[in-house]
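Asks: Dropping a structure here in structure tokens format, bear with me for questions.
The values are calculated or read from the model by the stated rules, or taken from the named source; none is laboratory data. The structure presented is a predicted model; accordingly, all values stated were derived computationally and were not measured. Cβ sites come from the backbone with ideal geometry, for glycine too, and all protein chains shown count toward neighbours.
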């Protein structure tokens, strides 16, 4: 994730990194912990600095397209892009960076980020009764899925333009809760093999 230049090794050893120390969840993969990086409605792109667990402003998005969901990571996981597994959460009101939310995965968005697999779990908050009826991808309003897909398809276009990058992102497809659970389990197993 984000890098911090000039960080002393002594400082890194004194901090507790919630991405590496918090459990995946009480009933993973059915319920998992989410650490929020980017609140719904923000155009700031925050990222966890993986070695320390600090939240860093990575950039301000080049487009005026705000995050349509809470966006963050599942602690105790490691995805194929060498970062904790990404998770998105539908929410009633935005939270804040580093907020811990217990979430129930309901789907996964298969995503290609410049040729790299970067799948994103879609979840709902366990502790918000407004989402109790959303159990699987078919329960999510299709327009909501389209909004999320539109955001991720377009949120880097101007960045690529102004940085002179010939790159692209692609939302491949939405898959069900079972697929989300399988991806979470694989990310937990990958995390278990890391020597951190």
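Asks: Every residue in region 167-196 that is in a strand (DSSP E or B), modelled with pLDDT of 95 or more and within 28 Å of residue 18 (Cβ to Cβ), please.
Replies: 175, the sole residue that qualifies.
Listed here are the residues, each with its yes/no results for (1) touching a residue at least 60 places away in the same chain (Cβ under 8 Å); (2) under 11 Å from the mean Cα position of the chain (by Cα).
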| site | (1), (2) |
| --- | --- |
| 67 | yes, no |
| 70 | no, yes |
| 107 | yes, no |
| 111 | yes, no |
| 117 | no, no |
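Asks: Taking the condition within 17 Å of residue 124 (Cβ to Cβ) and more than 17 Å from the chain's Cα centre (by Cα), does residue 181 pass?
Replies: So residue 181 does not fit the description; no.
Asks: Considering region 135-177 alone, what residues qualify as being loosely packed, with under 13 Cβ neighbours inside 10 Å and touching a helix residue (DSSP H, G or I) at 6+ places or on another chain (Cβ under 6 Å)?
Replies: Within region 135-177, just 167 meets the criteria.
Asks: Suppose we keep only residues that are in contact with a strand residue (DSSP E or B) (Cβ under 6 Å, 6 or more places away or on another chain) and assigned to a loop (DSSP other than H, G, I, E, B) within region 62-80. Which one would you say is farthest from residue 189 (Cα to Cα)?
Replies: If we take residues in region 62-80 being in contact with a strand residue (DSSP E or B) (Cβ under 6 Å, 6 or more places away or on another chain) and assigned to a loop (DSSP other than H, G, I, E, B), then 67 is farthest from residue 189 (Cα to Cα).
Asks: Pick out the one residue from 84, 125, 142 that is at pLDDT 95 or above and under 15 Å from the mean Cα position of the chain (by Cα).
Replies: Just a single option satisfies the conditions, and that option is 125.
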